[in-house]
Structure formats: structure tokens, C-alpha cells
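Structure first, then comments.
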Amino acid sequence: MSKQFLPLLLLLANPAAANSELTDIAIGVGTGEAGVNATRAALVQTIEPFWFGHLFPQLTLQMEYGANRWQDNASTHYAYSLLPNIRWNWQPSAPWQWFTELGVGVSYLEETVIDHQHLGSHWQFEDRLGIGVSHERWRWVLRGYHYSNGGFHTPNDGLNLVNFEVEWRLP
């Protein structure tokens, strides 16, 4: 599924026909399989194709540039990601805006073995599902991440994480 979804998302978010700028800074902490403790920082770019807001006023397209630090029982690991994201705002005009989001992107992991999880390659798909709330310039989000190479290399144990993240909208 994620292999077919990524090209479609990138086509919809064509920055050449869009207003786009860095809009948010995100930081988060979490935990996952293999005893991994996670920290994450990201820059978020909101992409607004000229036609998108008129057709889908409750959706927001974003590109996220992230850096992850994972600590397992024995060592520290780093991963860097490029993640297109679609956010659905439940009530865009309310002061407290609940939303859900879905992202499918690519990550580069410096190590291919994290504790006992064998990921098979440095390049991984990064899938994300989240739910959160925003108010004024702040967002609080609970996100689940799945890292896998999509079966392109063996072994492909994958890695799952859950993060709590805070985003701050730039002025």
C-alpha cells in the first residue's frame, strides 16, 4: 500500500505550483520495540497547492524534515527522514482543533540492527499515524511510527514506535 501512496502524495504536493514555507518546529519523545527510547526533532513545511484549499478545506499537506535519536540497551542510533503528511482538521474554525494525520515517507538509518530488530537496509519507509489537538500556535500529537524496508531486503523485522510530540507554529 505505502509504495503506491507515496508517488500520489508527492504529485498532489507539487511545490512548483504551491505556496510553501517552513511553518512549524516539532520535538517529541517516545518508546518502542526492542527497548528503544526515542527522541525526535523536525522542521515542518506546509505546502498549499493553489487548487487544494478550495477542494479540500479540512486537509493540510505538509513535508516534514526529521532527525531521530534512538537509544536501545546497548547503543545510540540516528535516523533522518523526509515525510509527506496529510492532516485532516475535524473543525478548522474551532479554537481547539482536533485532527488526525497520515504520513508515508523515507528514512535513512545509520545502523541496520537496533537491539534485536534486523531492518535489512539503511533506507526504510517511515509510516506515521497520529491524532492530536492544536490551539493557537501549539499542537500536541500522539503518533505511531512504523519503519520497514518494504521487503526490498531481508531480514525485514521492522520497528514500531509511539511518540508524544509538541509542535510550535513559527510566527
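Averaged over its residues, the chain has an accessible area of 52 Å² per residue, based on protein heavy atoms and a 1.4 Å probe. Using a Gaussian network model of the chain with C-alpha springs under 10 Å, which one of GLY151, GLY66, GLY120 is most mobile by mean-square fluctuation? Residue with maximal mean-square fluctuation among GLY151, GLY66, GLY120: GLY151.
The sum of -39500 (n - 2.57) across all DSSP H runs of n ≥ 4, divided by the residue count of the chain, sets its helix-only mean residue ellipticity at 222 nm to -2500 deg cm²/dmol.
Would you work out if the stretch 51-102 is rounded, prolate or oblate? Take a ≥ b ≥ c from the square roots of the eigenvalues of the alpha-carbon gyration tensor; rounded if a/c is under 1.5, else prolate when a/b is larger than b/c, oblate otherwise. List each step's numbers first, then the result.
Working: a/c = 4.95, a/b = 2.33, b/c = 2.12.
Judged from the Cα gyration tensor, the stretch 51-102 comes out prolate (a/c at least 1.5, a/b above b/c).
Select from the stretch 84-143 those GluC sites (Glu not before Pro) which occupy a DSSP coil region and have at most 16 other Cβ atoms within 10 Å, ordered by residue number. Filter output for the stretch 84-143: GLU110, GLU111, GLU136.
Principal-axis analysis of the Cα atoms of the chain puts helix 2-12 at an angle of about 30° to the longest axis. Rounded to the nearest 10 Å², what accessible area does LEU55 have for a 1.4 Å probe in the complete protein model? About 110 Å², rounded to the nearest 10.
Share of carbon and sulfur in the accessible area of the chain stands at 64%, probe radius 1.4 Å.
Annotation: amide H-H contacts under 5 Å for ILE47 (H modelled 1.01 Å from N, sequence separation of 5 or more, or interchain): LEU61, GLN62, MET63. Computed 3J(HN,Hα) for the stretch 165-171, one whole-Hz value per residue from the Karplus formula 6.51 cos²θ - 1.76 cosθ + 1.60 where θ = phi - 60°, is 10, 10, 10, 10, 6, 5, x, glycine and proline marked x. 3J(HN,Hα) along the stretch 115-129, derived from phi through the Karplus expression 6.51 cos²θ - 1.76 cosθ + 1.60 where θ = phi - 60°, amounts to 6, 10, 8, 9, 8, x, 7, 6, 8, 9, 7, 10, 9, 9, 10 Hz, with x in place of Gly and Pro.
Here the Karplus curve 6.51 cos²θ - 1.76 cosθ + 1.60, taken at θ = phi - 60°, turns the phi angles of the stretch 138-155 into couplings of 10, 10, 10, 9, 9, 10, x, 10, 10, 10, 7, 8, x, x, 6, 9, 10, x Hz, with x standing for Gly and Pro. Rounded to two decimals, the Cα radius of gyration of the chain over 2.2 N^0.38 Å is 1.04. Loop-located trypsin sites (Lys or Arg not before Pro) in the stretch 72-171 (DSSP state not H, G, I, E or B) with no more than 13 neighbouring Cβ atoms inside 10 Å: ARG137.
The values are calculated or read from the model by the stated rules, or taken from the named source; none is laboratory data. Fair warning: this is a prediction, and the values are worked out from it, not measured in the lab. Don't worry about glycine lacking a Cβ; one is built from the backbone with ideal geometry, like all the others, and counts go over all protein chains shown. Ligands, DNA and RNA are excluded from the accessible area calculation, which covers all protein heavy atoms including side chains. Shrake-Rupley method; radii C 1.70, N 1.55, O 1.52, S 1.80 Å.
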